[in-house]
1. What percentages make up the Cα-Cα pair-distance distribution of chain A when the bins are 20 Å wide from 0?
2. Which residues make up the longest stretch of chain A that has no GluC sites (Glu not before Pro) in a DSSP loop with at most 11 other Cβ atoms within 10 Å?
3. I need the calculated FRET efficiency for the pair residue B:92 and residue A:596, taking r as the beta carbon distance and R₀ as 35 Å, to the nearest 0.05.
4. With point charges of +1 on the Cβ of Lys and Arg and -1 on the Cβ of Asp and Glu, referenced to the Cα centre of the range A:623-675, which listed residue (A:673, A:637, A:651) lies farthest in the positive direction of the dipole?
5. Where in chain B are the DSSP H helices whose C-alpha atoms run 18 Å or more along the long axis and whose mean Kyte hydropathy is at least -0.5?
6. Could you work out [θ]222 nm for chain A from helices alone, using -39500 (n - 2.57) per DSSP H run of at least four and dividing by all its residues? Round to the nearest 500 deg cm²/dmol.
7. Answer with one residue from A:418, A:216, A:454: the one whose Cα lies farthest towards the positive end of the charge dipole of the protein assembly as shown, charges on Cβ with Lys, Arg +1 and Asp, Glu -1.
8. Nearest 20 debye, what's the magnitude of the dipole of the range A:339-378 about its Cα centre given +1 on Lys and Arg Cβ and -1 on Asp and Glu Cβ?
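Bear in mind these aren't lab numbers, they're just calculated from the coordinates by the rules spelled out. Just so it is clear, the model here is predicted, and its values are computed rather than measured. Every residue, glycine among them, receives a Cβ derived from its backbone with ideal geometry; neighbour counts consider all protein chains shown.
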Amino acid sequence: MTILPKTNRRDFLKLAAAASGGLLLGFRWSSSAAATEDIVQVLDDTTALPLDTIDFNSYLSIAPDGIITIFSPNPELGQNIKTSFPMIVAEELDADWAKVKVLQAPLDAKKFDRQLTGGSGAIPHSWERLRKAGATARQMLMEAAAKRWNVSASELSTDKGIVLHVASGRKLGYGELATEASRVPVPTEVKLKEVKDFKLIGTPIRNVDNAEMFTGKPLYGLDFHREGMFIAMIQRPAAFGMKIKSVDAAAAKAMPGIVDVVTFKNNVAIVGKSTWQVNKARKVLKVEYEAEGAIESTADHDKLFKELLNSKDAAVKRKDGDVETAFKSAAKVITREYQCPFLSHAPMEPMNFFAHVREDGVELVGPTQTPEMARGEVSKLLNIPADKITLDLTRLGGGFGRRLKADYVVEAAELSSLIKAPVKVIWTREDDMTGGSYRPAVRYRFEAALDAKGMMIGYKLRGVGINAGNTTREDNFPSGAVDNLLIETVDHQSPITTGAWRAPITNFLAFAEQAFLDEVASAANQDPIQFRLALLDKAKQSPAGAVKYSIDRMKAVIELAAEKSGWGKKKDVAQGFSVYFSHRSYVAQVAEISVKQGKVTLQKIYAAADCGVVVNLSGAYQQVRGGVVDGLGHALYSNLTFKDGATEQKNFNNYRLIRMKEVPDIDVYFVNNGIDPTGLGEPALPPTGGAVANALFKATGKRLYNQPFTKQEELKGVSLGERL
Amino acid sequence: MAQYKLQINGRSYEADVEADTPLLWVLRDNLGLVGTKYGCGIAQCGACTVHLNGTAVRSCSLPVSAVGTKSVTTIEGLSSTGDHPVQRAWNEVDVAQCGYCQAGQIMSASALLAKNPHPTDEQIYTAMNGNICRCGTYHRIREAIQLASTKMK
């Protein structure tokens, strides 16, 4: 993997920074053919062009003082991309990290490719191009030094921002070589490092925004201020399935600091000079609503789930072998059902966006996971070409999938166009919790057929969901390991809005599946880990249908978790096991629960992850630990229920998020296999619920089927995880 | 509307606001001190934590009229150069993920350590129970408090 066949010359562009000297290297992230055509002409006459006319992208610049500036294009919401992306460039560049400066790039669809945060995909997607970018600049710096010293570049080496000629003891800093390097032709072939030679990648590097975050500098969308802007809040329908019948805004308009009350679509916007004045005026706003669609409650969903689980109409997602015969011939059949509620994404920074729709264009500023989509929707709504719309990204105070939707960006733009003024729309926590886009509620039925030897010969899964799309991941384990298998899904269309919530579908499916397999292993009188390993061996030796996950990688995390947790060797704790493959990566977990004088305590969770090469050990370690905490907190506590189309929980007083005293110790281990990174934003979350439920069974003999666990009959009197 | 004289971060500020305006929104909207965050508005998440005469309070639920002459410290004023032992510890432990809750976490932690420089784990859990971190950085917050504890004079 060291020498790339050929770097497309058009992938890179060097430019001398006109005023200050130095090297300015643009590396193209986009790979569309159309863009390449544009660039050919540009390249023919490169150096003289002002930067903003170049159809190349993000610049890596090296100033004469040795400071290296790297733009980070993707939205940063706590996944640490703003630190990890530049680390990859700096690694191949052999830069001195202390001299690297990182800047958040604005939306630029021409320069950047996949400028979004979602699907744990940024690092896997950009890994190679970031490395090439760094390696290309390094090679040019070496060429420049070779020329100056009149030696062959092959005699040179680099270290921490310095080019060295070991034979003569000469050395020059990158800053000193930058201007000369800018005159070297862009190499067509670059040598990438061997994984074993990485110096920066794999080490713990602190977040580049630490100083700003810890001293209270304005970083987030809610902190954004523009002179003359208004603050607005929007009253949305009181329940899903309702629309506005009448609005009486007279009292609200008369309140101090209020400049306007505007009704559009199903929204009533209160526009004013300060947040508190807007908030107060909102309390005297009178809006009547009427039904326009189904008004649903959680009780309706519970009933519906049971009907749909037995419905004749289901979409078949995967079918292998002959399930009917397998279940008829089975020595033992196990059937279990599992259900989860809706969840709020509840990022700590509520939704907000700044918009200024002017005659000549639109300015958008704020936190979004999908800037390009948000701009596209604004462009469509206002009929303004996308190239007249700018979007600057702030840091995101969490996302968890909520900010993949552009509703709150579009409404800010729409409001600005209506009031013809710059405005920042702010959602309160109540708006966020009642206003939609939730993790969908889902119910599963699993069925397993065991033969007389305890081998799983048949497997059925049917998932039913409320606006959940496909409730299954039909090609995930144990598909491929069971000869007769049927995976089906049923979706119910509801006015309640749903969306991707961190580790979509698998955030609950993994619990249900791993808790179920634990029961099946138990019914087969097998150790839960051995049971899974036997299934994986079967998938390897005689696969049933396609196997779309790596059997070896899954086995490796299982074995690492078993080893680190001392699986089966501990007498004072009950251990529960879980493993899941999602978003290209593999995570196995072991939870440990102690029972002392009747007190049941979740003591520890071991997590073994294979995400390929770990880029930033500090960020990655916390990403796994945070994922486990997220999975645990939502499995234990969080619950969003509906009554007459409205959520019964409106804020953190009755929508519970996990707190410090409720988290167990969490140890994280990574498989070191040198595989190109496969993503880590989500994969640590799905396995946690299963590991905890399976440990609880070992400790107490009680099985958990529904989330949140703390609301279940089985957990009455059990204060799992409380440290006080 | 009324004029309020406020002592914040060792400086005097004036704000012309309504009496029931929470200190949080005076800080953010009127004084431009946006380090103090809005998270829930009902004193449940701790993102808005500031010090009032050295005690950690939730500024989202504290009307400006109740502040009086008490001195307010926000994250911007915790230290003049960002090197309060708690801030240094937060950096060394590399606590944050999204970072949005961390100003509030730091203010709760620094109020705890000012009163009790060497807290037990239980004392840390109690003092930090009002601060939610949605990303789940709790282990690092605890570790940073323990590290800061060794740096306190």
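1. Going from the shortest bin to the longest, the percentages are 16, 43, 33, 7, 0.
2. Longest site-free region, per DSSP loop and neighbour criteria: A:360-724.
3. 0.50
4. With unit charges placed on the Cβ atoms, the residue in question is A:651.
5. TM-like helix candidates: B:102-115.
6. -9000 deg cm²/dmol
7. A:454
8. Using only the charged Cβ atoms, the result is roughly 160 debye.
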